[in-house]
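This report concerns only the one structure given below.
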Amino acid sequence: MLLGELQRLLRRLPFGRVSTPRSAPPVAPSDDDTVMPRTEAEIVQAAEILGLIVPDACMPGVVANLALLDTHAVILLGRPRRVGP
Amino acid sequence: MRQALAIAADVRARRLSAAAVVERSLQALVADDHRLGAVTRILADRARQDARQVDAAIAAGRDPGPLAGVPYGVKDLFDVVGLPTTAGSTLYENAPPALADAEAIRRLREAGAVLVATLNMDEFAYGFATINARHGTTRNPHDLDRLAGGSSGGSAAIVAAGLLPFALGSDTNGSIRVPASLTGVYGLKPTHGDLPMSGVFPFADSFDDIGPFATSVADLRCIWDVLRGTDSSLNTGTEFHVAQLGGRFLDNVDPDQHAAIAGVAPGAPILDLPDIARARSAAFLITAYEGGTLHRAALAENAMAFDPATRDRLLAGALIPRALYDAAQDFRRTFKATILDCIADHDVVLAPAAPCVAPAVADPRILIDGERKPARSDLGIHTQPISFTGLPSLSVPLFRPGRLPLGLQLIGRPNGESTLFRFAAMLEERGVIGVSPPPGTWGEDA
């Protein structure tokens, strides 16, 4: 309580750079649940489960987008992800 | 095109008829559109009929509303009665026509505003570029070789060009604030859930909001009041506790934005909000998952019918594991609580809106952390973390005639829009912010 009040007071100070606490520890669901499909085989398999077919013309773009999304997953979860199939 | 309130004042006082205003507006849209690529449909018959009703109300002595006879447009994802709602996609060109107007359009019509056009967007609002396979690329009125930003690029460009005094867009991760910054107009992303989403084609429910673009703070506030059914003019305080965002918000910023923030609030404390990079990543994942899930059935039926610029992104989003989405949502709840505490003592928090001026159409990439990144996905680097919190954010244009536009975000507490309007009005009065018309684009009158 006292710390919170102190932080609020500090934020009002001119020229003050306020360091704020980290909002939350990294979330940590199990690796298996959160692993993104990355290889073409994994993508085809994951798509089939959802009733999707990834057209050949889309596969390179889907692979690239899942790679980008995986970088965001790494940042979110705060830990390295497995590499390769 | 003049500002909305000036037009409404003339129409209400019978110095101009709504019919004449709308006719000139329709002519200007027809004459100019192919240059900008901002318009998808011109609603001439409907507009003329609505204008006649406004004039009839005035002739009968009835109050026509605060936006009497003011023409406007909407992003192509609002329901317009009698027309298919396409969300910028050929997939929905032959969809059944909407049975009613979106609630926002209904409220504006009651206030006397006249809908004249639907406006270009990235397909399904997925992008910050307004590069659309069906309707083309929307150009920036300040430099036709540059992007207008997106996904509400048509709405921003049409207002910046002076062809309409205001327009509606939608903002999921910055789709109002980014194009507002790139085209030099005002754009409001309200507190999440504050404005009516009924009759609006969704993208990602967790973050979707609608909001207006306009060329003055007064216009924007009036439109917001109409949409919300309130009167924010009663809020009259003039003391503001201001802070600025540090960290990543200062790492990727134009020097002019940095200087403007320092000038606006000298000595304002710098808030290093925690976990901003994680917030943006979580927002990215939630958006991709919700967008992919929303369109999964259509993707299964015919993925190749989607815009090439969005289909691969949507397919990838559909493949995100549910557990990862849940983890992102869990983080969001904690993050929101932390951020609310961090900003609790500040009325206005300043941040850049987009990280740079409008990128070139020929090379739609921007510099982020020293690397060239796609504008389509990364122009929202500064808006996405704010959407993640649900806080209101008003994008305001720095006043810099003759130069490419740059915008700032004024971020407020939940439901703190009227405070943001008051602060923006003060900056506008000082000449710090304001619309700089592109050369040769604004006519003399309505």
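The values are calculated or read from the model by the stated rules, or taken from the named source; none is laboratory data. If you're wondering where the values come from, they're calculated on a predicted model, not measured in any experiment. Every residue, glycine as well, gets a Cβ built from its backbone with ideal geometry; the counts of neighbours run over all protein chains shown. The area values use the complete protein model at the heavy-atom level, side chains included, leaving out ligands, DNA and RNA. Shrake-Rupley method; radii C 1.70, N 1.55, O 1.52, S 1.80 Å.
Using a Gaussian network for chain B with springs between C-alpha atoms less than 10 Å apart, which of these wobbles most: B:Pro141, B:Pro66, B:Pro401?
For chain B, modelled as a Gaussian network with Cα springs under 10 Å, the answer is B:Pro401.
Of B:Arg109, B:Arg62, B:Arg280, which is the most mobile in a GNM of chain B whose springs link Cα atoms less than 10 angstrom apart?
Highest fluctuation of the listed residues: B:Arg62.
Using +1 at the Cβ of each Lys and Arg and -1 at the Cβ of each Asp and Glu in the protein assembly as shown, identify which of B:Asn94, B:Pro405, B:Asn140 lies farthest towards the dipole's positive end.
Projecting each Cα onto the dipole axis, the largest value belongs to B:Pro405.
Give the Debye-formula value of log10 I(q)/I(0) at each listed q (0.08, 0.09, 0.10, 0.14 Å⁻¹), with one equal scatterer per alpha carbon of chain B, two decimals each.
Listed by q, the Debye log ratios stand at -0.40, -0.51, -0.63, -1.29.
Karplus couplings for segment B:404-414 from phi (6.51 cos²θ - 1.76 cosθ + 1.60, θ = phi - 60°), rounded to Hz, Gly and Pro as x?
After applying 6.51 cos²θ - 1.76 cosθ + 1.60, I find 5, x, 9, x, 10, 9, 9, 9, x, 6, x Hz.
Mind checking which of B:Val226, B:Phe423, B:Ala20 is farthest towards the positive end of chain B's charge dipole, using Cβ charges of +1 (Lys, Arg) and -1 (Asp, Glu) about the Cα centre?
Checking the options against the dipole of chain B, the answer is B:Ala20.
Could you please tell me the mean projected area of the C-alpha convex hull for segment B:1-156, averaged over all directions and given in square nanometres to one decimal?
Values: hull surface 35.9 nm².
In nm², the orientation-averaged hull projection of segment B:1-156 is 9.0.
Probe of 1.4 angstrom, ligands and nucleic acids ignored: what's the accessible area per residue over chain B, in square angstrom? Mind showing how you got there, number by number?
Values: 14390 Å² over 446 residues.
So chain B comes to 32 Å² accessible per residue, rounded to a whole number.
Given contacts defined as C-alpha pairs under 8 Å and at least six residues apart, what's the relative contact order of segment B:4-430, whole-number percent? Kindly include the intermediate steps, with their values, before the conclusion.
Details: 987 pairs, mean separation 72.5, N = 427.
Contact order relative to length: 17 percent.
Tell me, what is a quarter of the convex hull surface for the C-alpha atoms of the protein assembly as shown, in nm² with one decimal?
Values: hull surface 94.7 nm².
Average of the hull's projected areas for the protein assembly as shown equals 23.7 nm².
Using a Gaussian network model on chain B with a 10 Å cutoff between Cα atoms, which of B:Asn252, B:Asn120, B:Asn94 fluctuates the most?
Its mean-square fluctuation being the largest, the pick is B:Asn94.
May I ask you to find the residues of segment B:324-373 that are shielded by at least 20 Å² of accessible area once the whole protein assembly is considered instead of their isolated chain (probe 1.4 Å)?
At a threshold of 20 Å² (probe 1.4 Å), the residues of segment B:324-373 that become less exposed are B:Leu324, B:Ala327, B:Phe331, B:Thr334, B:Thr338, B:Asp341, B:Cys342, B:Asp345, B:His346.
In 10 Å bins starting at 0, how do the alpha-carbon pair distances of segment B:258-390 split up by percent?
The percentages, shortest bin first, are 10, 31, 34, 18, 5, 1.
Using only the C-alpha atoms of segment B:357-413, find the volume of their convex hull and express it per residue in Å³. Spell out each step's value before the answer.
Numbers: hull volume 5.5 nm³, N = 57.
Looking at segment B:357-413, the number lands at 97 Å³ per residue.
I'd like the interface area for chains B and A: accessible area of each alone minus the complex, both sides summed, 1.4 Å probe, protein heavy atoms only. What is it in Å² to the nearest 100? Please report the intermediate quantities before stating the final value.
Details: alone 16320 and 7180 Å², together 19630 Å².
Chains B and A together bury approximately 3900 Å².
Which FRET efficiency value, to the nearest 0.05, do you get for B:Arg15 and B:Arg134 by plugging their Cβ-Cβ distance into 1/(1 + (r/R0)^6) with R0 = 51 Å? Please list the in-between numbers first.
On the way: r = 40 Å, r/R0 = 0.79.
After rounding to 0.05, the efficiency reads 0.80.
DSSP loop GluC sites (Glu not before Pro) in segment B:344-446 with at most 13 other Cβ atoms within 10 Å of their Cβ, which ones?
Details: sites: B:Glu371, B:Glu417, B:Glu428, B:Glu429, B:Glu444; in loops: B:Glu444.
Sparse-neighbourhood loop GluC sites (Glu not before Pro): B:Glu444.
Please report, in whole Å, how far the alpha carbons of segment B:1-79 spread along each principal axis, starting with the longest.
Here the spans come out as 39, 25, 18 Å, largest first.
Which whole-angstrom value gives the distance between the alpha carbon centres of segment B:338-389 and segment B:424-438?
After rounding, the separation between the Cα centres reads 21 Å.
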